[in-house]
Structure formats: structure tokens, C-alpha cells
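The values are calculated or read from the model by the stated rules, or taken from the named source; none is laboratory data. From a predicted model like this one, the values you see are computed outputs, not experimental measurements. Here the Cβ positions follow ideal geometry from the backbone for every residue, glycine too, while neighbour counts run over all protein chains shown. Side chains included, ligands, DNA and RNA excluded: accessible areas come from the protein's heavy atoms. Shrake-Rupley method; radii C 1.70, N 1.55, O 1.52, S 1.80 Å.
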Amino acid sequence: MSYDTNNIFARILRGEIPCHKVYEDEHTLAFMDVMPQADGHTLVIPKMPSRNLLDADPKALGALMASVQTVANAVQQAFGAEGILVQQFNEPAAGQTVFHLHFHILPRSTGVGLRPHTGKMADHALLAEHAAKIRAALEG
């Protein structure tokens, strides 16, 4: 399958759809998931178009993974998490629903389950608050 230039993440990258940004560099963008499964659920995407990991330019993956690590550390610190879950899905059979390469970063603590993915968007004021906490952790 080919890359759809009108997927929601491509539209976010073009500024057509707003997001709660937490981190950006020349190669990547990180922002709050609008349907979070945990407080602090953040997405990291490459700016270079790719459907998923299977067709990504290998040169872009190094910068992407560096950003995933940077953001994961900030999320863990911001939310006092005991651990971090990093998820990445490739194609519908594996659970991918947005066809632009992305990594989910979810803070985890013992005994606290993930919320189900209901399709309901979270309160934007709360997402803005969570984004600010992560940005503060990044600024250290």
C-alpha cells in the first residue's frame, strides 16, 4: 500500500489540524494522543512521509528513535512513572489505524491499567496541561 498524504498526521505536520505539541526538531514531532490510554500518552512521528516501519527510510529511523528516547524520558519524569511502554503498529492486522509511522509512549505504574481505546477524545484543557508538564521536563 502507498502513503496517503491526507492522513491525520500528515495534516498535523502541514498545520491543517492542531495538536498539543511537546517536542519538535528538524526530523520529528511529538504531541499528545487525543484519545489517550494513560495520562501522558504521547505520539512521536517522523516528518518524512512513511506509512510505517516497513517502508521507512532507514536514515530517518535514527533521528526518530533518538526523539522517542528523549520524549520517553521526559514523559516518565513528568508523570512520575515507574516505566514506559513504547508501542508501534504496522498495518491493520497488527492494529495500525493511522498510516503514518508513529510511536506511542505511555507512562506506566504498577497496578494501574491502561484505559480502553474508546474513540472518544480527551478534554483539550487536560491534554494542554499534560503537554506543558512534558515540555517542562524536557527543559529540565
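Of the residues making up the range 24-37, those that are touching a His at 6+ places or on another chain (Cβ under 8 Å) and open to solvent by less than 10 Å² (accessible area, probe 1.4 Å) are 31, 32. Given the options 113, 40, name the one that is part of a loop (DSSP other than H, G, I, E, B) and either open to solvent by 50 Å² or more (accessible area, probe 1.4 Å) or at pLDDT below 95 (or both). Answer to the check: 113. Considering only residues in the range 44-67 that are open to solvent by less than 10 Å² (accessible area, probe 1.4 Å) and within 13 Å of the chain's Cα centre (by Cα), the one that is farthest from residue 10 (Cα to Cα) turns out to be 67.
Name the residues in the range 90-140 that are aromatic (Phe, Trp, Tyr) and more than 30 Å from residue 1 (Cβ to Cβ), would you? Within the range 90-140, no residue meets the criteria.
On the given criteria, is residue 74 touching a Pro at 6+ places or on another chain (Cβ under 8 Å), assigned to a helix (DSSP H, G or I) and surrounded by 14 or more Cβ atoms within 10 Å (Cβ to Cβ)?
Details: touching a Pro at 6+ places or on another chain (Cβ under 8 Å): no; assigned to a helix (DSSP H, G or I): yes; surrounded by 14 or more Cβ atoms within 10 Å (Cβ to Cβ): yes.
Criteria not met by residue 74.
Taking every residue in the range 116-130 that is open to solvent by less than 90 Å² (accessible area, probe 1.4 Å) and pairing it with any residue that is of a type in the set (Gly, Ala, Ser) and modelled with pLDDT of 95 or more, at least 6 positions away or on another chain, the pairs with Cβ-Cβ distances below 6 Å are 130/40. Looking across the range 80-110, the residues that are part of a loop (DSSP other than H, G, I, E, B), surrounded by 14 or more Cβ atoms within 10 Å (Cβ to Cβ) and not polar (S, T, N, Q) come down to 81, 89, 98, 99, 100, 101, 102.
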